[in-house]
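No lab work stands behind these numbers, since they all come straight from the coordinates. The model shown is predicted, which means the values in this text are computed figures rather than measured ones. Backbone-built Cβ (ideal geometry, glycine too); neighbour counts: all protein chains shown.
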Amino acid sequence: MNEIDNNPVDIAVTNMVSDDINSIVDIETAETSDVIESPRKAGRPPHLPNADTRNKVYMLSTVGTRHEDIASVLGITHDTLVKYYKEELDNGRIEANASVAETLFKQAKEGNTTAMIFWLKSRARWKESTQHEISGNPDGTPIEVKIVTGID
């Protein structure tokens, strides 16, 4: 057993492990002044929403402007727009849809047949259906098909 305990490889590994542990302890006990701070990453400054930009996003959303276009107007990415202005985007879309639906509903109530049909198809789930049934001749013989080409 003594031969195994005095093996030079085992001794070297033990020393390496203890050196690593000591260096970890040194890092944990280091003062904050000893730690080197990394420089700030370069890039755009963070976006700061304000009342004006919130109002602009809301107004553009109420008239159906695409999110990508609103982001472009503000000079930010689509992801940043959604991150900071989700409520304004959602409320603007809801108000726009409600306004158009109100106009459509008034038109339907005033007798606009197209508005009535559209409303019933989209809101009441009405649908037009056509069925084509081919049953054959009453005596059971196959249906004859004559193709007319105009060439004799």
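Rundown of residues vs (1) more than 38 Å from the chain's Cα centre (by Cα); (2) more than 18 Å from Val57 (Cβ to Cβ); (3) assigned to a helix (DSSP H, G or I), yes/no style:
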residue: Asn91; (1), (2), (3): no, no, yes
residue: Gln107; (1), (2), (3): no, yes, yes
residue: Glu133; (1), (2), (3): yes, yes, no
residue: Val148; (1), (2), (3): yes, yes, no
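Within the set of pairs 6 or more residues apart or between chains, which connect a residue that is at positive phi and surrounded by 14 or more Cβ atoms within 10 Å (Cβ to Cβ) inside the range 55-81 to a residue that is β-branched (Val, Ile, Thr) and assigned to a helix (DSSP H, G or I) with Cβ atoms less than 7 Å apart?
Partner pairs satisfying both residue conditions: none exist.
Kindly list, by first and then second residue, each pair from a residue in the range 123-152 that is surrounded by 10 or more Cβ atoms within 10 Å (Cβ to Cβ) to a residue that is among the acidic types (Asp, Glu), limited to pairs with Cβ atoms under 7 Å and residues at least 6 apart or on different chains.
none
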